[in-house]
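These notes concern the structure reproduced below.
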Amino acid sequence: MKNIFKLFIILVPATFFIFFYFYLSEEKIYPGFQTDEFAFPSFYLETLDDEKIFLNEQDLPSTGLLNVWASWCITCLVEHPFLMNLKGKDIKIIGLNYKDERFNAQNWLNKYGDPYSEVLYDPKGSLALDLGVTGAPETFLIHNGKIIAHYSGEVNERVWTETFLPIINKNNIKNL
Amino acid sequence: MLINLSHYMSILSGASFLLCACLSFLFIKQADASKSLIKNIFSNSCYLLFISFGIYVYLAISDDFSVEYIANHSNSNLPVFYKISSIWSAHEGSMFVWILFLAIWGYFFNLHKPSNDQIKMTSIGIISLILFGFMVFLLLTSSPFTQILPLAPENGADINPVLQDPALAMHPPTLYLGYVGFVIPFAYSISFLIHEEYSYSWERAIRSWSVIAWSFLTIGIALGSWWAYYELGWGGYWFWDPVENVALMPWLAATAFIHSLKVSADTRAHRSWTILLALLVFSLSLFGAFIVRSGIIDSVHSFANDPERGLYLLAFCSIIVLSSLFIYANKYEKLSSKKSTLISKQSFISINNILFITLIFSTMLGVLYPLIFEYLYNEKISVGAPFYNSIYIPITIIAAVFLVFSIEINWNGSLSKIKLLHPLSFSIIFAFVITLYLYQEFEIKNILLLISLFVGYLIIIRYLFVLFMSKYINIASFCAHFGLGVLIVAISLNSLLSSERVLNLNINETKTYKGINITLEQIKVLNGSNYDSIKGFLKVNDGANQYILEPEKRRYFVRGQITTETDIKVTPIKDIYVTLGDQLDDGSWIVNIQLNYFIRYIWASMIMMALASLFIISNTRRQS
């Protein structure tokens, strides 16, 4: 019993350290970036502000970005300035507010600024589930009604230029 | 060049810390012969470091932009205060400060006349070794001494505007003083284990040190929370940000530790617990430094990412933590602890220690789960407030109940007879009545909230009885626990009563929210020196008083960063907290008004808890 305790207090922190070692030394070249193509799932959601109804992908711009976010998500706050930056370049971003409360979400946008042209309100995460979202933030690139790339995690300048831009150029997308 | 001088002195002090560590381990059994030598070397290494830092501060004040770090983080237009605080506004400089504080703690500990020479000398050796390791880290991977040669820029880059704030300038140093202060119990308890002098009461020797470090940690956390409240404009006092959690874990461990220390010092029970907690506190402090500085976590707090730094820190921290735990695992059985009875003050304290450890592990899980998940599935997720609330609330309630009952018990057992006219019965009745009143008044549906209010008032009232009715009163215990009661009540009432509302107001339009009339008198566009700003002038009338609040929205030129400058009217029971949002298409302005109840009491109670340490120190002095 005592030996087990001895082993335990050494092994538990050692496991942490080993995990961190692998985590830090892993060659990570954007593991969150996926380029599998799939059709935009069918959905039926209200918008965050005026409760306008959006039905299926025909109500979305056929080409653009969709960003999954929530007011409780810290990484989304970290990502936020870059999205504002994209908005400044006239890039249309649809927000998908994920498992959030309407009031908190609206407040968040008022406080920090609204980078989105339209925000869909998805409190149960139903559309997010169909999109294969496991957490916020995640960003999808939509082209001709299909998803052609998505990135889970914070999109910043570097991620943008090294992952999304090549795809955008390859597909010759002009007016994002 | 002064910067070179500062750099060389740092290198020299690092080398001499290594020398000091080697000597103290070489002469580990001959403390009498070597003690003055080691003491002098350690002091002198500290002086070298202090002078090196002093020069660095001078360079920062005198705007020497040939130093890359100063050029990147300071600016000649800044007031002197912020020129100094710019030193800890990024990774390299703050690491320098971190090490400086470590040396300051070591320096004072070194001056202190020891009750046991051998143990003290070995702890100085351990502290030197840790200092050496961090000096190597600083100089090799994150040197603040790099110069821009041959031509220095004429002026420094703009400092992050959010950081130009007195509370924030003081937040990191206070927190660091707390974090690194626990190096002393850490080193002392390891050295105690190495020397196997189990009859020596090491607990008394470090009680004051631990309590002071704990106070700094408490105040540091309170400052950070206060700053986030008024500067970031989200109106909350705690965000469950991973880095906040990383500061909270050592605080919880330290709280458990200083209680366990008291038990061991007075009754010799639970000595192996106490040592394990001492190791845990400092290990968690190191863990904090690692998490923040390795770039593992995305957060408002984290510094720029550099895998090399992360790996060095990881290697160094794992050596310290694992070797100390190894020593502990081999020796702890020899610590003859007195067995305590099930119902006694010390057993209640250890139950609370277990509850605290539970909180630490859950918090650790919340911090690490997203990392593990990301590693396994390549996806990022965030763990948010609901997770932490569901763990912290019930555990705090249980711990509070044990706290109240532990007042009724003596150290060595025997619950004093609780008659009907006992203060505890009155406390329960009073707390119950207050809670019932609040229940009626506000129709509280949340049962956990009701129970929290009840235990909060129970602690407050029970300690008021202690204050006014007992012959003997321990002021420190009163301060800390009364503060805790106020904290629990303030947090509960805050989450119960606080509310917010987004209004859209045209110029000269008045809207009413919860009996408060708000008129948007005018909107002005102002130009600051390095930002544009839009300022709203709001006339607020809460029935009794009338005043003008001026929230602001700034856009800084250099980074394009938008900051919200809130305006807050403080009244005894609530804050009226206003932020300005965007203009709508119809010309009206978004104004967010928050009523934050009892939020000042949250920080006030934390300060009160921190003050307890002053009484403990004066007590310890009187006793010795």
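The values are calculated or read from the model by the stated rules, or taken from the named source; none is laboratory data. Note that this is a predicted model, so its numbers are computed, not measured. Note that we place each Cβ from the backbone using ideal geometry, even for glycine, and neighbour counts take in every protein chain shown.
Looking for something in a helix (DSSP H, G or I) and under 14 Å from B:Ala289 (Cβ atoms) - is there at least one such residue anywhere in the stretch B:107-115? Spell out how you get there, then give the answer.
Of all residues in the stretch B:107-115, those in a helix (DSSP H, G or I) come to B:107-111.
From what is left, the residues that are under 14 Å from B:Ala289 (Cβ atoms) are none.
No, the stretch B:107-115 contains no residue that is in a helix (DSSP H, G or I) and under 14 Å from B:Ala289 (Cβ atoms).
List the strands (runs of 3 or more DSSP E) inside the stretch B:464-543, counting only whole elements, that have at least 3 residues being hydrophobic (A, V, I, L, M, F, W, C), surrounded by 14 or more Cβ atoms within 10 Å (Cβ to Cβ) and modelled with pLDDT of 85 or more. Let's see the steps before the verdict.
Values: elements: B:499-505, B:510-513, B:516-527, B:531-541.
Ranges flagged: B:516-527, B:531-541.
If B:Trp240 satisfies all but one of (1) in contact with a helix residue (DSSP H, G or I) (Cβ under 6 Å, 6 or more places away or on another chain); (2) in a helix (DSSP H, G or I), what's the number of the condition it fails?
Result: B:Trp240 fails condition (2) only.
Within 14 Å of another protein chain (Cβ to nearest Cβ) and of a type in the set (A, V, I, L, M, F, W, C), is that true of B:Trp589?
Values: within 14 Å of another protein chain (Cβ to nearest Cβ): yes; of a type in the set (A, V, I, L, M, F, W, C): yes.
Yes: the conditions hold for B:Trp589.
Anything in the stretch B:560-570 that is of a type outside the set (Gly, Ala, Ser) and exposed (fewer than 13 other Cβ atoms within 10 Å of the Cβ)? List them, or say none.
We begin by selecting, within the stretch B:560-570, every residue of a type outside the set (Gly, Ala, Ser); these are B:561-570.
Of everything in the stretch B:560-570, just one residue is of a type outside the set (Gly, Ala, Ser) and exposed (fewer than 13 other Cβ atoms within 10 Å of the Cβ), namely B:Val570.
Does B:Ser318 meet the test of being without any contact (Cβ under 8 Å) to a residue 12 or more places away in the chain, under 25 Å from B:Ile296 (Cβ atoms), assigned to a helix (DSSP H, G or I) and within 11 Å of another protein chain (Cβ to nearest Cβ)?
Details: without any contact (Cβ under 8 Å) to a residue 12 or more places away in the chain: yes; under 25 Å from B:Ile296 (Cβ atoms): yes; assigned to a helix (DSSP H, G or I): yes; within 11 Å of another protein chain (Cβ to nearest Cβ): yes.
For B:Ser318, the condition - without any contact (Cβ under 8 Å) to a residue 12 or more places away in the chain, under 25 Å from B:Ile296 (Cβ atoms), assigned to a helix (DSSP H, G or I) and within 11 Å of another protein chain (Cβ to nearest Cβ) - is met.
Identify, from the list B:Lys345, B:Lys331, the residue that is within 14 Å of chain A (Cβ to nearest Cβ), among the basic types (Lys, Arg) and farther than 24 Å from A:Val68 by Cα. Walk me through how you get there before you give the answer.
On the way: B:Lys345 fails: within 14 Å of chain A (Cβ to nearest Cβ).
When all the criteria are applied, what remains is B:Lys331.
Across the stretch B:544-575, which residue is modelled with the lowest pLDDT among those that are part of a strand (DSSP E or B) and among the β-branched types (Val, Ile, Thr)? Let's see the steps before the verdict.
Just the residues of the stretch B:544-575 that are part of a strand (DSSP E or B), to begin with: B:546-549, B:552-556, B:562-565, B:567-570, B:574-575.
Restricting the remaining residues to those that are among the β-branched types (Val, Ile, Thr) gives B:548, B:562-564, B:568, B:570.
Working: B:Ile548: 91, B:Ile562: 70, B:Thr563: 75, B:Thr564: 78, B:Ile568: 90, B:Val570: 90.
Looking at the filtered set, the residue picked out is B:Ile562.
Among strands (runs of 3 or more DSSP E) lying entirely in the stretch A:1-72, which contain 3 or more residues that are away from every other protein chain (no Cβ under 12 Å) and at pLDDT 80 or above?
Numbers: elements: A:44-47, A:53-55, A:64-69.
Counting at least 3 such residues, we get A:44-47, A:64-69.
Within the stretch B:569-609, how many residues turn out to be touching a Phe, Trp or Tyr at 6+ places or on another chain (Cβ under 8 Å) and hydrophobic (A, V, I, L, M, F, W, C)?
8
For the stretch B:356-374, enumerate the residues that are buried (at least 16 other Cβ atoms within 10 Å of the Cβ), aromatic (Phe, Trp, Tyr) and within 14 Å of chain A (Cβ to nearest Cβ).
Across the stretch B:356-374, the qualifying residue is only B:Phe373.
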